[in-house]
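Heads up: the structure comes next, in structure tokens.
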């Protein structure tokens, strides 16, 4: 079996009716014949771009390598825990909701969907809807869906570059045009559409209304500055039971480790500005640029990220231990 190394992932572009033909500023060189709404970076079907494992799917590698790849902090040893993707809304998404783990289990799915959104780009006036307006009841939501006024029941929030939003299960949500979001979530694609602006796609009203929670912990998260001893500071954007996302602005090489205390964990580095490379002691450097993700297997230990002058990356991982929901505001 081949030895693991940092895995550069091939983005998988997913058509959506609310997407666009251009994915600038992240993928300015790419043009598409159909509307693309999402770029999946660590989905089960995403493939490795570099080295001896090039062409291999991420889910197959997890089954083969187990905790050597995914680490100690996840429940399931043979499944990659995080789905990371860019969202490119050129129109409103459907008004939707995701169930929690228990709700997903009821319909035969292993996991629900807790997610977070980092605003990687935003035009003036960009906004998302996160949760229901105070006082809205299930009956009022159901009536609004029936008469086409569903979005008037939602809590619309303006967003700007650098915002982080936490979206807990049961939160009714959607987003408007004008932003690019980097989403980190449980490795699950379970979504219940409540309202879709007449696009003709199926709705999931019975399951969706059952999943809806009138009050949730969703909202914007206040970033926290963290320091790693002698290393430079970084920003902790969000930390929950399912994921932790940190932001690093690199102008010089920086040492990282897949170990935290006695726990090893896979880490995903996603570039949204600039370029750089991941280096390990006994392997080839792995270059990556904006719009690309590198999965660093849990077994690798220490590694270095070297920026090409300037690099902004988000690091996503599953933290050790049980972590409460983050504090949020709207």
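The values are calculated or read from the model by the stated rules, or taken from the named source; none is laboratory data. This one's a predicted model, so the numbers in the text were calculated from it and none came from an experiment. As a convention, Cβ positions derive from the backbone with ideal geometry for all residues, glycine included, and neighbour counts pool all protein chains shown.
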- Item | Pick from region 265-291, criterion touching a strand residue (DSSP E or B) at 6+ places or on another chain (Cβ under 6 Å) and in a loop (DSSP other than H, G, I, E, B), ranking: surrounded by the fewest Cβ atoms within 10 Å (Cβ to Cβ) | 285
- The one condition in (1) in contact with a strand residue (DSSP E or B) (Cβ under 7 Å, 6 or more places away or on another chain); (2) surrounded by fewer than 19 Cβ atoms within 10 Å (Cβ to Cβ); (3) under 26 Å from residue 3 (Cβ atoms) that residue 262 fails to fulfil: (1)
- Within region 195-207, is even one residue crowded, with 23+ Cβ neighbours inside 10 Å and over 26 Å from residue 24 (Cβ atoms)? yes
- Filter pass, residue 283 being at positive phi and either assigned by TED's automatic domain parsing to the domain that holds residue 69 or in contact (Cβ under 8 Å) with a residue 60 or more places away in the chain (or both): no
- Of all residues in region 301-328, which are part of a loop (DSSP other than H, G, I, E, B) and within 25 Å of residue 80 (Cα to Cα)? 301, 318, 319, 320, 321, 322, 323, 324, 325, 326
- Does at least one position in region 26-34 carry a residue that is assigned by TED's automatic domain parsing to the domain that holds residue 93, more than 14 Å from residue 10 (Cβ to Cβ) and crowded, with 21+ Cβ neighbours inside 10 Å? yes
- Message: Step by step: first the residues of region 155-173, then only those that are surrounded by 21 or more Cβ atoms within 10 Å (Cβ to Cβ) and part of a strand (DSSP E or B), then the one that is farthest from the chain's Cα centre (by Cα). Which residue is that?
- Response: 173
- Which of the helices (runs of 4 or more DSSP H) contained wholly in region 62-150 include at least 1 residues that are surrounded by 15 or more Cβ atoms within 10 Å (Cβ to Cβ) and touching a strand residue (DSSP E or B) at 6+ places or on another chain (Cβ under 6 Å)? 138-147
- Going through region 39-61 one residue at a time, which ones are over 19 Å from the mean Cα position of the chain (by Cα), in a loop (DSSP other than H, G, I, E, B) and touching a residue at least 40 places away in the same chain (Cβ under 8 Å)? 49, 50, 51, 52, 53
- Message: Of the conditions (1) at pLDDT 95 or above; (2) surrounded by fewer than 13 Cβ atoms within 10 Å (Cβ to Cβ), residue 247 satisfies every one except a single condition; which number is it?
- Response: (2)
